[in-house]
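Reviewing the structure listed below.
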Amino acid sequence: MEYFSGKKIGDMMTRTMTDPSNINSIILEVFNMIPEVIKLVLCLGIAFYIDFDLTLGVMIVTPILIVTVRKYAKRLKRSGKQRQEALDSLNSKLQETLSGIRVIRAFATEKHEINDFKKKNINLKKIAVKSARYNAKANSIMEAMNYIIIALLLMFSGYRVLRAKNFTPGDFITIVGAISSMYTPARRAMTRFNSISANISSITRVSEIFRRSAGYCK
């Protein structure tokens, strides 16, 4: 009971309304990401089946992409937690202002309350812009990696067509098509993964309420 009495109403409102909505979004993103991952694995399997060495050589930049995704996923997770905390503060301020409107008018502190609300609103905006910037950077790197992979593929596979006897133009078309088809599901999967990372803190926040509630019921 001490936990709930020590929390602000705006904080509890966010934890019981916004956070469950974010968790629902995580679940939807996970289910929507599964088909994209399956498509990605199928295309990669076809490419490896046609020419294992060529595909492995082209995928040499993949570790860079993986490191980049992990890097920005951590930043999005951190900014997602900051966004929820800023929203807590904003909701708490709004609730306190509305419930104490008579006191505010009696002491003529309207300007102070307006400025305080603006500061909290601007802070929330900055965090949202920062999250959008992380997403944009991750997508830009994804685009660059795609162009590099295609360039390497065209160079190496074109050489194989001219020099290798067991690599036909048909193999060239198939492997180019398979690897090119990987881009769209990979980009969608990364976008969904970033969305999950940004909202993952909501699970911790809601589970904290359940743990406290279970302890109170005992």
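Taking the options ILE60, ILE38, ILE50, ILE66, name whichever one is surrounded by 14 or more Cβ atoms within 10 Å (Cβ to Cβ) and within 29 Å of ILE173 (Cβ to Cβ). Break it down stepwise before answering.
Values: ILE60 fails: surrounded by 14 or more Cβ atoms within 10 Å (Cβ to Cβ); ILE38 fails: surrounded by 14 or more Cβ atoms within 10 Å (Cβ to Cβ); ILE66 fails: surrounded by 14 or more Cβ atoms within 10 Å (Cβ to Cβ).
Sole residue among the options that is surrounded by 14 or more Cβ atoms within 10 Å (Cβ to Cβ) and within 29 Å of ILE173 (Cβ to Cβ): ILE50.
Residues that are in a helix (DSSP H, G or I) and farther than 30 Å from MET33 by Cα: does the stretch 133-155 have at least one?
Filtering the stretch 133-155 for residues in a helix (DSSP H, G or I) gives 133-155.
In the following step, the residues that additionally are farther than 30 Å from MET33 by Cα were identified as 155.
Taking every residue of the stretch 133-155 in turn, at least one turns out to be in a helix (DSSP H, G or I) and farther than 30 Å from MET33 by Cα.
Looking only at the stretch 192-218, which residues are hydroxyl-bearing (Ser, Thr, Tyr), modelled with pLDDT of 75 or more and surrounded by fewer than 17 Cβ atoms within 10 Å (Cβ to Cβ)? Spell out the reasoning first.
Let us first name the residues in the stretch 192-218 that are hydroxyl-bearing (Ser, Thr, Tyr), namely 195, 197, 201-202, 204, 207, 213, 216.
Okay, now just the ones that are also modelled with pLDDT of 75 or more, so 195, 197, 201-202, 204, 207.
Scanning the stretch 192-218 gives THR204, SER207.
Name the residues in the stretch 124-142 that are touching a residue at least 40 places away in the same chain (Cβ under 8 Å) and among the aliphatic types (A, V, I, L, M), would you?
Initially, the stretch 124-142 is screened for residues touching a residue at least 40 places away in the same chain (Cβ under 8 Å), giving 124, 127-128, 130-131, 134-135, 137-139, 141-142.
Listed by number, the residues that qualify are LEU124, ILE127, ALA128, ALA138, ILE141, MET142.
Does the stretch 136-186 hold any residues that are surrounded by 17 or more Cβ atoms within 10 Å (Cβ to Cβ), at pLDDT 85 or above and charged (D, E, K, R), and which are they?
none
Give the stretch 160-206 a look and list any residue that's hydrophobic (A, V, I, L, M, F, W, C), over 14 Å from MET33 (Cβ atoms) and not in a helix (DSSP H, G or I), or say none.
Residues satisfying the conditions are ALA164, PHE167, MET182.
The values are calculated or read from the model by the stated rules, or taken from the named source; none is laboratory data. Please read all numbers here as calculations on a predicted model, not as lab measurements. We place every Cβ from the backbone using ideal geometry, glycine too, and count neighbours over all the protein chains shown.
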